[in-house]
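The values are calculated or read from the model by the stated rules, or taken from the named source; none is laboratory data. Model, not experiment: these values are computed from the prediction. Using ideal geometry, Cβ is built from the backbone for each residue, glycine included, and neighbour counts are taken over all protein chains shown.
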Amino acid sequence: MKHIMSMAILLLLIGLASACSSTEASKEVKPQNTSGSEAASAPPSPSSPVLVPPDQLKEEDLGIVPTSISIPAIGVKAAIENVGTMENGQMGVPQDIDGVGWFEPGTKPGAKGNAVMAGHVDSLTGPAVFYKLDRLKVGDEVIVSDKEGTTRRFIVMDKQRYPRKEAPLEDIFGFSYQSHLNLITCTGEFNDKAKTHEERLVIYTELKKEESRQP
C-alpha cells in the first residue's frame, strides 16, 4: 500500500500536470513486481480442511484489466491505456488525447479499493476526452470493459474540485472495502508558468450493486 500511495502522490502533484496539457507521447517505466513473495508456509494438516473461497468472491477481488471506457451521459467512448511511471517519476499519460489512462500499479476496476483513471481535458487543438467530465451528475453510469467484453458498471456518487496541490490522496487512492472507480482531469484556470490547470476535478463512482458479485 505504501508503494501505491507513493505513486499516487506523484500522480496528483506531478504527473497530472502532463496528463492535463501535454500532447507528447510518454515513455512508461514498468512498475516493479512486488507480488512474488518467497515466504515458505507449512502444509495444511490432513485433519484440517482447506477453505477455498467461492469463485464469485475470487473474481470480485480480482476485478478486470480495462481496455475501453464508455460514459453515455457525456458521449465518451474511448480506449484505455495502462500507464505507470516514467523515468522522471511522473505518471505516464495517454498517447492519444482522446484516450484514457488507467493507473495500472493500483486497483483493477471491480476489485475492492480505488481504481483510478485520468484523461486530458483539452490540448493545443481543442477539447479532449474528458472535456465534458464536469457535466456528470450523481446517478450517471461509467462502463469499463476488458478485451473479452467483460464489463463493470459504476455509478457516479460525487463530484469534487480541488486545488491541484491539495487533492485528498487517501480518498482517491486509499484503501476501501467497496469497489470504486475515480476519474481525474484538470479544470480551472490555466497556469502558463506551471503549464497546467490550477484545479483537479475528481468524479467518484461506485460499482453498481447488482454487479458487485458477478464475475
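Structure data summary
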{"quantity": "Some residue of the stretch 65-76 being over 15 Å from the mean Cα position of the chain (by Cα), surrounded by fewer than 14 Cβ atoms within 10 Å (Cβ to Cβ), under 30 Å from Arg135 (Cβ atoms) and at pLDDT 60 or above", "calculated": "yes"}
{"quantity": "The stretch 97-143: number of residues that are of a type in the set (S, T, N, Q), in a loop (DSSP other than H, G, I, E, B) and surrounded by 19 or more Cβ atoms within 10 Å (Cβ to Cβ)", "calculated": "1"}
{"quantity": "Single unsatisfied condition, Ala194 versus (1) touching a strand residue (DSSP E or B) at 6+ places or on another chain (Cβ under 9 Å); (2) surrounded by fewer than 18 Cβ atoms within 10 Å (Cβ to Cβ); (3) outside any strand (DSSP E or B); (4) among the hydrophobic types (A, V, I, L, M, F, W, C)", "calculated": "(1)"}
{"quantity": "Restricting the stretch 144-176 to residues that are assigned to a loop (DSSP other than H, G, I, E, B) and among the polar types (S, T, N, Q), the residue that is surrounded by the most Cβ atoms within 10 Å (Cβ to Cβ)", "calculated": "Thr150"}
